[in-house]
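K.L.:
The structure that follows is given in the form of C-alpha cells.
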Amino acid sequence: MSSALFETAFFKNFNMIIIPAIFSTIRMLVFSMLFGFIIGTLVAILLVMTSPYGLKPKPSVYKFISFWVNMIRSFPVIILIVAVSPLTRILVGTSVGEKAAIFPLTLAAFPVIARYMEASLLEVDKNIVMAARAFGASDMQIMFKVLFPEALPSIISGMTTTVILFLASTALAGAVGAGGLGAVALTYGYQRFDDVMMYCIVAILFVMVLIIQGLGELLYKRVKTR
Amino acid sequence: MIEIKDLTKKYDNKAVLENINIKIPDGRIYGLAGQSGVGKSTLLRCINGLESFDSGSICIDATELNSLNEAEMREFRRSIGMIFQNFALLERKSVLENVMLPMEFWKYDRAHMEKKAKALLERVGLGEKLNSMPSELSGGQKQRVAIARALSLDPKILLCDEATSALDPAITLSILELIADINKELNLTVVMVTHEMSVIKSVCDDMAIIEAGHIVAEGKVEDVLLSDAEPVRKLIGERKITAPVGKDLIKLVIRGKEEHPEAVCELARNSGIAFGIISAEIEPFHSGEYMGHMYLTVDPEKAETLARKFIEYGIDASSGKEFYL
C-alpha cells in the first residue's frame, strides 16, 4: 500500500517539480506581501490622517483614496491578474511566471492590508490620542509613537489573515500562468486526473497555512504581553 | 490666571457652550460640575485647545488661545497637563515609558527623561512599579501614573476630566488628596470636571455649575453649595424634609465658625425653647472648615422666636414646614 503511494506521480516528481514549486510559491508570497505591506502602510497612514475619525479629517481626500482602494478590492484576484497583464508586461517584461505574478498580487494585496491596518489604527482608544495631543504631540508623533505601537498586536493578526488569504491567491494565480504550487496542482493534478497529486499539494498548502497561522499567533502573543 | 470671556461654541449651529465667563486665579482648584452631556468636558478641552470655539476668548497668563498657530498651540500645551476618566495610558508601554512619553514628544535627552520620570513616580507612590505594565495596575495606580505623566513637562495647569469617576470611594479620596498636595507643592492651578459633589467639596476652592452649556451658579464652593439655589438642588438630587405633625422646622446654615455648633448648644440651654435636631449634614470642606445644614423641630408658635435667636448669634436660620435638603 505504502509502496504504491510512493509510486505515484507526486513522489516521483517530488524533487523535480514539487520542491521548486514550493519555493516559487513562497517567493511570490513573500515579495507580494512585502511590497503590499510597504504600499499598504503608506496608504493606511493617509487613510488614518484624513479619515473623518482620523487625526486631521479631510473628507474629500479620504473619499478619493477610499474610492480607489475599494475599486481595486472589488476585482477578484484572478481577474485582476488578467486585467492588468498589459501593464505587467510593460513593468516586468513578461506577463507569465512567478515574477509577473508578484506585481498583480501586490496590487491586490495593498488595499486589503491598508484597510486592515486602518481599522487597527483607528481602534486605538481616542482618549490616548487626546492625551498625546494634550502633551503637545504632532500628528506624525501620534501616528508613530502612539497609534502604531498600540495597534501592533492588532496589525499582526490582520497581517496573518492577509498572508493566508494571499497564499490561496498565489495558488489561484497558477491558473493564469504564475507557476508555483497552484499551477502544479492544476496541470499535474486536476488536468491529468491525478487525485493523489492534487490532494498532496492541498496538504502542502494546508501545512503552510498552519505554519503562517502559528507564527502569527506566536508573534501576536509576544507583542501583546511583552 | 485662566480667563474665559463670553465663550461660545457650536456644533451644527447648536450652541453647546454659551456665554461662559470664568476667572481662575493661579494656584486654585476649580471645579466644573454638572450632569453628563452639559458641555463641561468640552469647556475643559477648550482650555488646552483640544476643542476650538466660535466666539469669545480664553486667555491664559496673557496668551490668547485663538491667536496661536498650530506650532505655537503645541508649544503652549506643554504648560498644561491633563488626566482622564479612563486614564488613557498606553497599554503596550511600561509605567516608566508612559511617564516619559510627553518628554519624548519634546525630545528631551534619555537620561534626563528617565531621572525625571522616576522621581515623579516616586512622588505619586509608585517607585516600585517602574517596569510594570498598566494592565498589572489597579485603577487608582493607573491614575497615579497618569498624574505623574501629566506632571512630566512641569505644567502650570492641570486639567482633570472626571479623573475619579471610574474609581471607588476610598481610592477616589486618595487620588484627590494627591491632587490637593500637588496643587500646594507646585502652586499648580487645577481645573476639575466632575459630576460628583463629594469631589468638589473635598478639594475645590471655587466652582461653577454648568447646565445645558450655561453657567448657572458660580463662586466659592461653600457659597454655592450652601445656598439651596435650584441648580445645586438639581445636581444633588431634590430631597425634601417635612416637619413632623404639629411641629415646625428650622433650617440652620452652619458656616464653619467655631462658635456655630456651640451656639446650638447654648440656645438649647438658655432660650427656654425646647427643640430637637432631626437632621444634620455637616462636613469638612477643602478650606478645612466644617459646613452644612442642620434641621430642628420646634413648636410652631415658638419657631419665629427661636429662628430670631439663632440669627442674633449670626447663624442663618429660617423656619417653615418643608425644606429642600
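The values are calculated or read from the model by the stated rules, or taken from the named source; none is laboratory data. Everything quoted here is computed from the prediction, not taken from an experiment. So basically every Cβ, Gly included, is an ideal-geometry build from the backbone, and we count neighbours across all protein chains shown. Protein only, heavy atoms only, side chains kept; ligands, DNA and RNA dropped before computing areas. Shrake-Rupley method; radii C 1.70, N 1.55, O 1.52, S 1.80 Å.
K.L.:
What are the semi-axes of the equivalent ellipsoid for region A:8-100, taken as the square roots of 5 times the Cα gyration tensor eigenvalues, largest first, in whole Å?
P.N.:
On the way: eigenvalues 276, 50, 25 Å².
Rounded to whole Å, the semi-axes are 37, 16, 11.
K.L.:
Given Cβ point charges of +1 (Lys, Arg) and -1 (Asp, Glu) and nothing else, what value in debye, to the nearest 20, does the dipole of chain B about its Cα centre take? Let's see the in-between values first.
P.N.:
Details: 40 positive and 51 negative charges, 134 e Å.
Dipole of chain B, to the nearest 20 debye: 640 debye.
K.L.:
Hey, what D do you get for region B:161-209 in µm²/s if you plug the Kirkwood alpha-carbon radius into Stokes-Einstein at 25 °C and 0.890 mPa s? Don't skip to the answer; put the middle values down first.
P.N.:
On the way: Rh = 11.1 Å.
Calculated translational D: 221 µm²/s.
K.L.:
Counting only protein heavy atoms and rolling a 1.4 Å probe, how much accessible area do A and B lose on contact, total for both sides, in Å² to 100?
P.N.:
Working: alone 12680 and 15710 Å², together 26190 Å².
Its buried surface, counting both partners, is about 2200 Å².
K.L.:
Please give every one of the lysines within straight-line cross-link reach of residue B:184, meaning a C-alpha to C-alpha distance under 28 Å, and leave out same-chain neighbours fewer than 8 residues apart.
P.N.:
Residue B:184 reaches B:5, B:23, B:40, B:115, B:116, B:118, B:129, B:142, B:156, B:201, B:220, B:257.
K.L.:
In nm, what is the difference between 0.36 nm times the number of residues separating residue B:132 and residue B:104 and their Cα-Cα distance? Could the numbers behind the result be given before it?
P.N.:
On the way: separation 28, 0.36 × 28 = 10.08 nm, distance 1.93 nm.
Working it through step by step, the gained length comes to 8.2 nm.
K.L.:
Gaussian network model of chain B, Cα springs within a sub-10 Å range: biggest mean-square fluctuation belongs to which of B:147, B:273, B:58?
P.N.:
B:273
K.L.:
Just to verify a number: what accessible area does residue A:10 come out at with the full protein assembly present, 1.4 Å probe, Å² rounded to tens?
P.N.:
About 10 Å², rounded to the nearest 10.
K.L.:
May I pose another question? Which value at 222 nm does chain A reach when only helices count, each DSSP H run of 4 or more adding -39,500 (n - 2.57), with the total divided by all residues and rounded to the nearest 500 deg cm²/dmol?
P.N.:
On the way: 11 runs with 168 residues, N = 226.
The helix contribution divided over chain A gives -24500 deg cm²/dmol.
K.L.:
Nearest 20 debye, what's the magnitude of the dipole of region B:240-324 about its Cα centre given +1 on Lys and Arg Cβ and -1 on Asp and Glu Cβ?
P.N.:
Numbers: 10 positive and 14 negative charges, 49 e Å.
Here the size comes out at about 240 debye.
K.L.:
R0 = 35 Å: FRET efficiency of residue B:119 with residue A:209, Cβ-based, nearest 0.05?
P.N.:
Details: r = 51 Å, r/R0 = 1.46.
Efficiency, from the Cβ-Cβ distance: 0.10.
K.L.:
Also: How large is the accessible surface per residue of region B:157-255, computed with a 1.4 Å probe and reported in Å² as a whole number?
P.N.:
On the way: 3910 Å² over 99 residues.
Averaged over the residues of region B:157-255, the accessible area is 40 Å².
K.L.:
Further question: If ligands, DNA and RNA are left out, what is the accessible area of residue A:199 with a 1.4 Å probe, given in Å² to the nearest 10?
P.N.:
Number for this one is 150 Å².
K.L.:
Name the residue farthest towards the positive end of the dipole of chain B from the options B:180, B:264, B:163, assuming +1 on Cβ of Lys and Arg, -1 on Cβ of Asp and Glu, about the Cα centre.
P.N.:
B:163
K.L.:
Now, a different point. Find the accessible area per residue for chain A; the probe is 1.4 Å, ligands and nucleic acids are left out, and the unit is Å².
P.N.:
51
K.L.:
Would you mind working out the magnitude of the charge dipole of region B:198-250 relative to its Cα centre, with +1 at each Lys and Arg C-beta and -1 at each Asp and Glu C-beta, to the nearest 20 Debye? Intermediate values should be presented prior to the final figure.
P.N.:
Numbers: 7 positive and 10 negative charges, 69 e Å.
Once rounded to the nearest 20, the dipole reads 320 debye.
K.L.:
On to the next question. Where Rh is the Kirkwood radius over the Cα pairs of the protein assembly as shown, the temperature 20 °C and the viscosity 1.002 mPa s, what D in µm²/s does Stokes-Einstein return?
P.N.:
Working: Rh = 28.7 Å.
Using the Kirkwood radius from Cα pairs, D works out to 75 µm²/s.
K.L.:
Taking just the alpha carbons, could you work out the radius of gyration and Dmax for chain A, both in angstroms?
P.N.:
20.8, 72
K.L.:
Under a crude label model (7 Å from the Cα following the beta-carbon direction), how far is residue B:59 from residue A:140 in nanometres?
P.N.:
Distance between the two pseudo-spin positions: 3.6 nm.
K.L.:
Less than 9 Å Cβ to Cβ from residue B:43, Lys/Arg counted +1 and Asp/Glu -1: what total charge do the surrounding residues give? Present the calculation step by step, with values, prior to reporting the outcome.
P.N.:
Values: positive: B:9, B:40, B:45; negative: B:51.
Net charge around residue B:43: +2.
K.L.:
Please state the shape class of region B:24-170: rounded when a/c is under 1.5, otherwise prolate if a/b exceeds b/c and oblate if not, all from the C-alpha gyration tensor.
P.N.:
Numbers: a/c = 2.15, a/b = 1.34, b/c = 1.60.
Oblate, because a/c is 1.5 or more while a/b does not exceed b/c.
K.L.:
How big is region B:240-324 in terms of Cα radius of gyration and Dmax, in angstroms?
P.N.:
Rg, Dmax (Cα atoms, Å): 12.4, 39.
K.L.:
Consider just the alpha-carbon atoms of chain B and return their Rg together with their Dmax, both in angstrom.
P.N.:
23.3, 77
K.L.:
I'd like the carbon and sulfur percentage of the solvent accessible area for the protein assembly as shown, probe radius 1.4 Å, heavy atoms only, ligands and nucleic acids excluded.
P.N.:
That share works out to 58 percent.
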